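The values are calculated or read from the model by the stated rules, or taken from the named source; none is laboratory data. Bear in mind the structure is a predicted one, so any value in this text is a computation, not a measurement. Counting neighbours? That spans all protein chains shown, and the Cβs are built from the backbone with ideal geometry, glycine included. Accessible surface is based on the protein model in full, side chains and every heavy atom, while ligands, DNA and RNA are left aside. Shrake-Rupley method; radii C 1.70, N 1.55, O 1.52, S 1.80 Å.
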Amino acid sequence: AKHAGRDTYRFFTAQMNAAVLARLELETALRAALENGEFVLHYQPKARLGDGRVAGLEALLRWQRPGHGLVAPGEFIALLEETGLIVRVGSWVIATACRQIRRWLDSPVGAVALSINVSGRQFVEGALDAEVLAALVENAVPAELLELELTETSLMANTARTIDCLRNLKRQHVKISIDDFGTGYSSLAYLRRFPIDTLKIDIAFIRDVTSNPDAAAIVRAIISMAHSLNLNVVAEGVETPAQLSYLRRHHCDQIQGYYFSRPLDAERVGELLLQGRRL
Ligand code: C2E
Ligand code: CA
Ligand code: CA
Ligand code: CA
């Protein structure tokens, strides 16, 4: 028995070492990724329920990792957050998004509203307002074409600094939305304190909206609250006609999800926009 115990211990140690090594390897590869230009943005359209037209796009980070293909953020965002690398990657996202808006402005595609995901650490560790405004100016992009998507958790990270930062951006007409709404802190007080334009209903509620009465009730409550506060409301992760018609019936403003389009690279989303595709 003693022997077996020692083997088990050795087994777990070997496993732990493997996990630590894998993490270290990933961290090293992520540091190199930024310098080697391995990150790319893909873009997912949001469609208006009113006229079926594209209302704007969300930029989603992808990693073209050598030998691994295109890697989605689920595999690496947590580590970028933990190591603080998200601040530098976030700066790259801001600059790349503004350059892309400019490219579309200079092409037949024209003006496209684009939202980017922002980590709470970018508020705490960087001058996010100054950085965003500089990127807009550098690319001569109208501020109202850019939207920042923040989670409830990231808003709670550093309240005073964050409010100040968001107010500065808002004054220049940058838009602000709350991502994954309904999953974070259930304090609704910040809806009044932060200058918010849009709520995005979390994908988990939409997944269950046609099968679970509680999820459906939450979706209806969020839509009605958003409208009472004069906010725009977007449903994420819409995959089926049944979900779409439920959201239509309950006056949701916009939808995003595989039903309309998956995230696409810049070239393919440009084609979708040029075709004037509708819901
Ligand atoms: P998110 O901001 O909530 O983005 C929506 C996610 O849902 C995306 O996953 C998108 O591809 C996926 N999605 C869209 N439609 C559907 C659908 O119909 N069904 C399903 N099952 N999924 C759908 P993705 O691209 O893997 O991104 C995951 C998360 O990574 C994002 O969640 C966001 O929190 C984070 N992320 C992505 N890009 C960035 C970035 O540039 N910066 C930061 N800080 N975080 C990012
Ligand atoms: Ca988002
Ligand atoms: Ca979301
Ligand atoms: Ca999410």
One quarter of the C-alpha convex hull surface, i.e. the mean projected area of the chain in nm², amounts to 18.4 nm²
Given a 1.4 Å probe and the protein chains all in place, what does the accessible area of residue 82 round to, in Å² to the nearest 10? 110 Å²
Kindly report the accessible area of segment 19-157 per residue (heavy atoms of protein chains, probe 1.4 Å, no ligands, DNA or RNA), in Å². 43 Å²
Nearest-5 percent of antiparallel DSSP beta bridges in the chain? 45 percent
Using a 10 angstrom cutoff on alpha carbons, build the Gaussian network for the chain and name the most mobile of 14, 72, 111. 14
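Mean Kyte-Doolittle hydropathy of -0.5 or higher plus an axial Cα length of 27 Å or more: which whole DSSP H helices in the chain meet both?
Answer set is 2-35, 86-105.
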Which cross-chain or sequence-distant (5 or more) residues have an amide H under 5 Å from the amide H of residue 60, H modelled 1.01 Å from N in plane? 42, 43, 44
Between 263, 73, 213, which gets the highest mean-square fluctuation from a Gaussian network model of the chain, Cα cutoff 10 Å? 213
Could you work out the local net charge near residue 276, counting Lys and Arg as +1, Asp and Glu as -1, over the other residues with Cβ closer than 12 Å to its Cβ? +1
Highest-MSF residue in the chain out of 230, 168, 17 [GNM, Cα springs under 10 Å]: 17
Residues other than residue 26 with Cβ under 15 Å of its Cβ, Lys/Arg counted +1 and Asp/Glu -1, net out at -3
Relative to the present Cα-Cα distance, how much length would full extension add between residue 99 and residue 189 at 0.36 nm per residue of separation? 28.9 nm
Taking K and R as +1 and D and E as -1, what net charge do the other residues with C-beta under 13 Å from the C-beta of residue 90 add up to? -2
For residue 242 and residue 204, compute 0.36 nm times the residue count separating them, minus their Cα-Cα distance, and round to one decimal in nm. 12.1 nm
